[in-house]
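Inspection log for the structure reproduced underneath, given as structure tokens.
The values are calculated or read from the model by the stated rules, or taken from the named source; none is laboratory data. This is a predicted model, so every value here is computed, not measured. Cβ sites come from the backbone with ideal geometry, for glycine too, and all protein chains shown count toward neighbours. Please note that ligands, DNA and RNA were not included when accessible areas were found on the heavy atoms of the full protein model with its side chains. Shrake-Rupley method; radii C 1.70, N 1.55, O 1.52, S 1.80 Å.
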Amino acid sequence: MIRLRFLLRRLGQAVITLWAVTLLTFVMFKALPGSVAFGITGIRTTTEDIARINHQLGLDQPLWNQYGRYMGRMFQGDFGSSVTYGKPAMDVILTALPTTLFLAVYAVVLTAVVTVVLAVLAALRRDRLTDHVIRSVPVVGLGMPAFWVGTMLLFLLAYKLPIFPAGGLQPGFVGHVKTLFLPAATLGVLYTAVLVRSLRASLLEVLDSEYVLVARSKGLVGSRLILRHVLPNAILPTVTLLGLIFAGLLGGALIVEAVFALPGLGSLLISGFQRHDFAIVQGVVVLAAVAILLVNIVIDILYSVLDPRVGLS
Amino acid sequence: MMLAACGGSGSTTTQSTGAQPPAASSTAQGGGGSSPAPSGDTTAPDTSTSAAPDTAQAKNGGDLVIAGYQEMTTLDKDLAGTSNDALRVLENVLDRLYVLDNDAKPQPSLATGYTLSDDKLTWTFQLRKDAAFSDGKPVTAADVVFSLDLARKGDFLGSLYSRISSVKADGDNTVVITTSAPEPVMLQLLTLETSGIIENNYGGKSKDAYNQQPIGSGPWMFSKVTQGVGVTVVPNPHWWGEKGHLDSITINTSADPNTRLIQLRSGQAQLIETPQFAQLDSIKQGGNTTVLSFPSTEVDFLEMNTSKAPFDDVHFRKALSLALDRQAIVQAALRGNGSPAATWMSPSVLGDYQPADGTKFDLNAAKAELAQSKTPTWTQPIVLQYSTSSAASWPLAAQVIQSNLQALGLTVKIETADTNTLQAATAKKTYDLHFGLLTYDIPDPGELVGYYLATKGYNSFVDMSATQKLYDAAAAEFDPANRLEAFKKVADSIVNVDVSTPGLYTVPYFWGASKSLHGLHIILTGQFNFNDLWLG
């Protein structure tokens, strides 16, 4: 009952937040300089072109009128038509979504696995060489821009050692696993540095707690102690961070998608802005907002599942 | 329709009174697009990479993968010009009444020929009787009428056909096109991808459904289209002409030039579009890869805002042009892979003509012109802006220009901004200097002059009355030799009278290719015939 009330309350808040997102995006987009016509025809655009295309798209109407029509259509699931793709924006977005979703899950899973393994190793070998190496090496990832990491991985693992494809997206589950490994690894390199240090610190805190001391005194050691008693109590902050990373990735991993030639939401968002394609931009932003709101609700619920002491009230 | 976002400005101009409608689309290219252009004149660049005639015996079979750089967002022929890759594919899938041969001359394809009435207003085209769409349906005059009417009504490019007043079928195999005024470039217009022939009434499908994977009667047909990834084409079994050599051609999009290079070096792609100048040596030294270059029509140039000081003075503009060391700009920005240009009217479409003194670098003459201007001692910074998604050569070109003008006593401030911001600055007439980039869609000098006049001198807001008169005479000229001479005078006027859009340099097309690929020949306007290609 408490969970249902919590869920309804959070969903209500989410609807208000979503409305604010649509309004904010609409206002900000309208404040942008430029025009759709110029995005299509470039330097040879005439004022007649701009006026004609604006009229066709209803962009010469008052702003409140445009927003009202947009919201009216959105409630019917219609985000408008993309001027660059020449078809409904939601069709374009939903075609790109699976790539981004797959990449986000892949990156989070890779990051989580590597983070847990490294953090546990570091915590168990506290202040020894292993700990120092694990704490310092991933930090290098923080100092490297995504496009450079991606390009280097492509150079090393797609050209020098041709293990993976050099960008692009192969169809099917196996094709996705193969082609999205390097992009997911690129994202993993960037996120692991932060997460390992965070999880290691939590693990050390738990390892120093009294109940772990008691467990040890009863002879509980090794992986059983770590996996059943330490990790579940230390991992909450990491779950939060992973959730936020996942939600952020659902809006598109802009640079990584560009480097690896992936047809995801990030690529869509960039071209939407460049070409003044409001329907695409608004659709991706709303979708990303929905994802972030839902992931946050799920994280809150997950908290209470992982640690029953955390209430939902 | 080689195009893309222009790094320069956004036009806010009105159609000049009396300006002839553009003959065909021109386009702005940004982001270093499939660099069209130059040919030649003065400083021939290192041509060691130029494509040599391929005399080897063609082999059949094989699957070619091309890494392009612009996503094919739509295969709607009216909109496809926003992606060079899309229009290249469409021109091999959708047959047209006429197509360009490798020398960029219109040749009959779906039409067997034409007759033109004495008043030059009625064109009658006879169609082939053995042409069929890739689904087996015969091509009829009704399909041609439907397709050309679509082109005329196109939301974005319909204005190209503004002189055409009607397209009618006369039986199954004859099409009659009437124009409101003589149209000297009719055949060239009919070679454009927007003139591609599709099935009447979209073959009974909706427009959106048809354009997901258009059916044409050209030598190739779509077998797979994946949004954001690319397309695959295979030979059209119903093509009336000689078959191509390859089993399939896949064109994928890779926006990042480093990724395209790795795809070429790893063998994932056999042909990559628009390698960066810094990558050319690496590709040449790759062992199994090479660089191919072809003349193009690309010219990069400057746009001066003549609606404000100091550019409202023609002497100031002349001084600026004379102070530009275009050869140094070519060396720095293109690593020598280009030629100085006097105007955006490509020498390639002017019989290799460059207006006299248009590329002259003479600091003393520049100072003399500056002394004659209203502002001989201009102390305020001149802002040179370009788009963050601009041609790759512009940042370095900007630095050389900054240095050149410093020698003239002028301070240049370089700024980058997104394309929309630049367009807004143009609309408000607040900018000083912008870069511009143009390529031709049809190999006729009139095309870009039409747009120049329609956009108030590519947003330079200059008085073009002298150029307008010369253009009116040139645009109506049917005789090729006379037409060429007339447009040379137009070019002279743009360079010596208007002086608001000085040329900087021309750039050839560069492609990175596997040595196993043969037969590639890029036409002056950027397309190529898939049937020429083979692997071996």
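Brief remarks follow.
- Boolean, B:VAL65 is at pLDDT 95 or above, open to solvent by 30 Å² or more (accessible area, probe 1.4 Å) and either hydroxyl-bearing (Ser, Thr, Tyr) or closer than 20 Å to B:SER293 by Cα (or both): yes
- Residues being assigned to a helix (DSSP H, G or I), over 18 Å from B:LYS120 (Cβ atoms) and not hydroxyl-bearing (Ser, Thr, Tyr) - total across the stretch B:464-500: 17
- Of residues in the stretch B:328-354 being in a loop (DSSP other than H, G, I, E, B) and among the hydroxyl-bearing types (Ser, Thr, Tyr), the one farthest from B:ILE414 (Cα to Cα): B:TYR353
- Residues that are of a type in the set (Ser, Thr, Tyr), at pLDDT below 90 and assigned to a helix (DSSP H, G or I) do occur in the stretch A:118-132, at least one of them.
- Options B:THR289, B:THR259: the member that is open to solvent by less than 10 Å² (accessible area, probe 1.4 Å) and under 30 Å from A:LEU94 (Cβ atoms): B:THR259
- Taking the conditions (1) open to solvent by 30 Å² or more (accessible area, probe 1.4 Å); (2) assigned to a helix (DSSP H, G or I); (3) within 14 Å of another protein chain (Cβ to nearest Cβ) in turn, A:ILE93 satisfies each one other than (1).
- Test result for B:LEU110, farther than 27 Å from B:GLU242 by Cβ and either open to solvent by 30 Å² or more (accessible area, probe 1.4 Å) or of a type in the set (A, V, I, L, M) (or both): no
- Within the stretch A:160-174, none of the residues are at pLDDT 85 or above, surrounded by 13 or more Cβ atoms within 10 Å (Cβ to Cβ) and not in a loop (DSSP other than H, G, I, E, B).
- Sub-7 Å Cβ pairs linking a first residue in the stretch A:262-285 that is within 12 Å of chain B (Cβ to nearest Cβ) and in contact (Cβ under 8 Å) with a residue 24 or more places away in the chain to a second residue that is of a type in the set (Asp, Glu) and open to solvent by less than 10 Å² (accessible area, probe 1.4 Å), at least 6 apart or interchain, are A:GLY264/A:GLU257; A:GLY266/A:GLU257; A:SER267/A:GLU257, ordered by first then second residue.
- Qualifying residue in the stretch B:300-317 (condition: among the acidic types (Asp, Glu), open to solvent by less than 60 Å² (accessible area, probe 1.4 Å), within 14 Å of another protein chain (Cβ to nearest Cβ) and not in a loop (DSSP other than H, G, I, E, B)): yes
- Any pair with Cβ under 8 angstrom, 6 or more apart, that starts in the stretch B:385-399 at a residue that is within 13 Å of B:ALA328 (Cα to Cα) and ends at one that is in a helix (DSSP H, G or I) and open to solvent by 10 Å² or more (accessible area, probe 1.4 Å): B:SER393/B:PHE277; B:LEU396/B:ALA332; B:ALA397/B:ALA332; B:GLN399/B:ALA332
- Residue tally, condition at pLDDT below 95 and assigned to a helix (DSSP H, G or I), over the stretch B:190-202: 2
- Failed criterion for B:LYS224 (all others in (1) open to solvent by less than 30 Å² (accessible area, probe 1.4 Å); (2) at negative phi hold): (1)
- Restricting attention to the stretch B:431-452, the residues being out of contact with any Leu (no Cβ under 8 Å at 6 or more places or on another chain) and away from every other protein chain (no Cβ under 11 Å) number 3.
- Within the stretch B:233-252, being open to solvent by 20 Å² or more (accessible area, probe 1.4 Å) and within 24 Å of the chain's Cα centre (by Cα) holds for B:THR250, B:ASN252.
- Looking only at residues of the stretch A:203-224 that are within 13 Å of A:ALA123 (Cα to Cα) and surrounded by 15 or more Cβ atoms within 10 Å (Cβ to Cβ), we find that the one that is nearest to the chain's Cα centre (by Cα) is A:LEU203.
- Filtered residues of the stretch B:180-209 (kept if open to solvent by 10 Å² or more (accessible area, probe 1.4 Å) and among the hydroxyl-bearing types (Ser, Thr, Tyr)): B:SER180, B:TYR202, B:SER206
- Subset of the stretch B:327-336 (residues that are open to solvent by less than 20 Å² (accessible area, probe 1.4 Å) and in contact with a helix residue (DSSP H, G or I) (Cβ under 8 Å, 6 or more places away or on another chain)): B:ILE329, B:ALA333, B:LEU334, B:GLY336
- Of the numbered criteria (1) open to solvent by less than 10 Å² (accessible area, probe 1.4 Å); (2) out of contact with any Gly (no Cβ under 9 Å at 6 or more places or on another chain); (3) more than 14 Å from chain B (Cβ to nearest Cβ), the one A:LEU180 fails is (3).
- Qualifying residue in the stretch B:337-349 (condition: over 30 Å from B:ALA481 (Cα atoms), of a type outside the set (Phe, Trp, Tyr) and touching a Gly at 6+ places or on another chain (Cβ under 7 Å)): no
- Only a single item in (1) farther than 30 Å from B:THR73 by Cβ; (2) free of Cβ contacts under 8 Å to residues at least 60 places away in the same chain; (3) surrounded by fewer than 20 Cβ atoms within 10 Å (Cβ to Cβ) is not met by A:ALA234, and it is number (3).
Yes or no, residue by residue, for (1) farther than 29 Å from A:PRO183 by Cβ; (2) out of contact with any Asp or Glu (no Cβ under 7 Å at 6 or more places or on another chain):
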| position | (1), (2) |
| --- | --- |
| A:LEU225 | yes, yes |
| A:PRO237 | no, yes |
| A:VAL259 | no, no |
| A:ALA289 | no, yes |
| A:LEU302 | no, yes |
| A:VAL305 | yes, yes |
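- Taken over the stretch B:219-250, the criterion of being part of a loop (DSSP other than H, G, I, E, B) and within 14 Å of chain A (Cβ to nearest Cβ) is satisfied by B:GLN227, B:GLY228, B:VAL229.
- Condition check for A:LEU154: touching a residue at least 12 places away in the same chain (Cβ under 8 Å), touching a His at 6+ places or on another chain (Cβ under 9 Å) and open to solvent by less than 50 Å² (accessible area, probe 1.4 Å): no
- Candidate set from the stretch B:153-176 (those that are closer than 25 Å to A:THR46 by Cβ and among the aliphatic types (A, V, I, L, M)); member that is surrounded by the most Cβ atoms within 10 Å (Cβ to Cβ): B:LEU160
- Helices (runs of 4 or more DSSP H) contained entirely in the stretch B:355-463, each with at least 3 residues that are touching a Ser or Thr at 6+ places or on another chain (Cβ under 8 Å) and open to solvent by less than 20 Å² (accessible area, probe 1.4 Å): B:419-427, B:446-454, B:456-459
- Residue within the stretch A:301-310 that is within 14 Å of chain B (Cβ to nearest Cβ) and either at pLDDT 85 or above or outside any helix (DSSP H, G or I) (or both) present: no
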